[in-house]
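Every number in this text was worked out from the coordinates using simple rules, so none of it is lab data. Because the structure is a prediction, the values reported are computed rather than measured. So basically every Cβ, Gly included, is an ideal-geometry build from the backbone, and we count neighbours across all protein chains shown.
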């Protein structure tokens, strides 16, 4: 169990694991007390093949060569957030996952992105697509619409790199002072 501490520390620095009434220590204790060793990092140990299918589909889109890095980064961040979901809610294969309308959640997150401009919402929306495909073998939007939505990540990520200095994972950042 102790070998997980550095990994969880790294995740803590790159994402939010806690709720408003929970700190790192209590989140870690909750996680360790409610999870068996075989399920601890379910997503990291066994990424669903259906997720890999969506990732490969997105990589196959006609991206400009310099944007391939952003797509790989998007997938990496989405995987990290899924690992955090394992920690918060349980493994991806849990029974209660079917009660969530992931298709609707995709649109909610994209709407929040357009209102607030946080790239995190695009990453979450992308995960909703992957979860929907995992659950129902269905992509709730056209490939063209998915491509169009992910172009917002590339455009804004490129702009972010020009304007900011990353303070943790590249999504949360501070303006560069001239």
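So the values come out like this:
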{"item": "Least to most buried among 79, 101, 96 (fewest other Cβ within 10 Å first)", "result": "96, 101, 79"}
{"item": "Neighbour-count order for 71, 131, fewest beta carbons within 10 angstrom listed first", "result": "71, 131"}
{"item": "At R0 = 41 Å, FRET efficiency that the Cβ-Cβ distance of residue 69 and residue 112 yields, to 0.05", "result": "0.95"}
{"item": "Label-point separation in nm, residue 94 to residue 148, each point 7 Å along Cα→Cβ", "result": "3.5 nm"}
